[in-house]
Every structure is written in structure tokens, then in C-alpha cells.
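Reviewing the structure listed below.
The values are calculated or read from the model by the stated rules, or taken from the named source; none is laboratory data. Here the structure is a predicted model, which means the values were calculated and not measured. Every residue, glycine among them, receives a Cβ derived from its backbone with ideal geometry; neighbour counts consider all protein chains shown. Remember, those area values only see protein heavy atoms, side chains included, never the ligands or the DNA or RNA. Shrake-Rupley method; radii C 1.70, N 1.55, O 1.52, S 1.80 Å.
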Amino acid sequence: MEERLQKVMSNCGVASRRASEKMILEGRVRVNGVIVRELGTKVDPDKDRIAVDGKTLEAQPKHYYLFNKPKGVITTSSDDQGRATVMDYFRKEKDRIYAVGRLDQNTEGLLIMTNDGELANILMHPSRLVDKTYEVKVKGRIADSVLQHLADGVELKDGMTAPADVYYIGYDPKTNLTSVEITIHEGRNRQVRRMFEFFGYQVHNLRRVQYAFLTLSGVKRGAYRKLTREEVAELYKYK
Ligand code: URA
């Protein structure tokens with residue numbers, strides 16, 4: 001299948017798409033022996049020979065992991081303040097991988113990690129509407145009317161939230177915490193926290209327990225497992 005040269009380069013793990021574009025403009029990339037400086041150039045990675053700085057690209061094996069991110073860990077590849085990042089948990093994996101989307105530092109739970117740029121783009125595209133389920137614990141009790149309002153949509157500063165599925169799990173008098181499960185289909189920045197903050201609730205604990213059909217079942221906090229071939233194929237159906 002033909003794709004843009006910079007996309008093929010980033011899928012092969014050469015560099016990010018942006019950095020690959022720079023390499024093309026600098027004349028460092030050859031397709032079938034000819035230097036290409038045109039960013040829109042389409043290539044077929046199965047047929048065309050692509051070389052960067054004289055070195056022919058090999059298709060990189062794809063990796064897919066389901067990670068149970070602990071609280072306090074940052075979803076980034078490196079942190080200049082030396083804080084713990086998701087990459088610290090994947091030190092023994094050789095190939096460069098990254099997170100599909102992000103979870104806030106204080107949010108725990110399910111994060112997909114991969115080096116498959118195509119799948120990452122599919123899942124993160126705003127039109128894809130991948131369901132994400134969160135277990136939320138907030139201080140105090142929550143009125144049914146608030147739960148209904150959360151489900152119907154909340155007017156945030158970046159617009160109304162789409163209808164969500166909201167389930168009351170229970171109230172624990174010992175901790176004075178109410179647990180709620182909420183499934184959203186969008187992926188706005190700090191969306192769940194902001195939805196509860198709209199009603200004056202500070203989120204005490206936030207955990208993503210499901211992403212599409214994938215759950216945390218069997219994966220302890222800080223651990224990860226490989227996705228099966230069938231699971232990857234199922235995720236590709238969002239294309
Ligand atoms: N919503 C949030 O508020 N934080 C997350 O990390 C994910 C969803």
C-alpha cells in the first residue's frame with residue numbers, strides 16, 4: 001500500500017514524522033536510488049527501496065502492549081525534571097515505543113503502548129470514538145441529578161461533552177468517597193476531572209479500567225502484557 005514517505009519513515013522507527021520531513025528536505029533520503037525532496041511523495045514500503053543517509057530501511061517489527069500505568073508516572077518518552085515516565089517500565093524492550101494518547105500523571109490504568117504509528121493515528125483520531133471507561137472516586141456523596149447531568153453532557157470551556165454512560169457504584173462512609181464508573185467516547189485533555197470539577201467535586205482517584213474492548217484483567221499495577229494478534233486486528237477495525 002502506498003503511503004507518504006515521512007509516514008513510512010516514522011513507521012520504520014527512523015524518527016518522528018516531523019523529523020523525517022526535515023531529513024527529506026535536507027536531501028538525506030533516496031527512493032530506489034534517487035534523492036527525493038518532495039514531502040508529498042508516495043512510496044510502497046513493500047516494493048520501493050528507501051535509504052536514509054545511505055542506509056536501507058528494514059521494516060521494523062511491530063509491538064503492542066497493554067500497560068497498567070501507576071499513579072505518579074508521566075506519559076512521555078523523557079522528562080527533563082527526572083520524574084518517572086512510562087518508558088521506565090519498558091527498559092528491557094529494545095525498540096522505541098510510545099503511548100497511544102495519554103493519562104494524566106495522577107491517573108492510573110490502561111494505556112496502550114506501541115511503535116505502530118498507523119494504529120496510534122487511527123485510535124487517536126477525534127472521529128474514531130473509542131470508548132474509554134474510568135473508575136472515579138470523589139469526596140462526598142453525589143446526587144442522582146448530578147450523575148444524570150454528567151451523562152447528558154457538561155458545558156466545559158472547550159464545549160459541551162458528548163453523552164456519556166454513567167453508573168453509580170457506591171458510597172463508602174468510612175472514607176466518605178463515592179465511586180462512579182463513566183464511559184466517554186471523546187479524549188479531551190483532563191476531561192473526566194473537568195467534568196466532575198464542573199460540579200465542584202475534586203477527583204480523589206481516577207483509573208482507566210477499559211479502552212475499547214480491552215480491560216486491565218490480569219495486569220497488575222506497573223505491569224504490562226503483549227496484545228494478541230486478534231486484539232490488534234480488532235483495534236484496526238476502528239480504521
Ligand atoms: N480524563 C482525565 O481527567 N484524566 C485522564 O488522565 C484521562 C481522562
Note on the range 53-83: residues open to solvent by 30 Å² or more (accessible area, probe 1.4 Å) and within 12 Å of the ligand (Cβ to nearest atom) are LYS71
Yes or no: GLY187 closer than 21 Å to TYR98 by Cβ and within 15 Å of the ligand (Cβ to nearest atom)? yes
List every residue pair whose Cβ atoms sit under 9 Å apart, with the two residues 6 or more apart in sequence or on different chains, where the first one lies in the range 192-211 and is at pLDDT below 95 and the second, anywhere, is among the aromatic types (Phe, Trp, Tyr) and more than 8 Å from the ligand (Cβ to nearest atom). GLN202/PHE196
Applying the selection to the range 30-68, what residues are farther than 12 Å from ARG4 by Cα and among the polar types (S, T, N, Q)? ASN32, THR56, GLN60, ASN68
For the range 84-96, give me each residue that is closer than 30 Å to LYS137 by Cβ and either open to solvent by less than 20 Å² (accessible area, probe 1.4 Å) or more than 16 Å from the ligand (Cβ to nearest atom) (or both). THR85, VAL86, MET87, ASP88, TYR89, PHE90
Please go through the range 49-101 and pick out each residue that is outside any strand (DSSP E or B) and among the aliphatic types (A, V, I, L, M). LEU57, ALA59, VAL73, ALA84, VAL86, MET87, ILE97, VAL100
Filter the range 131-154 down to the residues that are under 29 Å from LEU111 (Cβ atoms) and in a helix (DSSP H, G or I), then identify the one that is nearest to the ligand (Cβ to nearest atom). LEU150
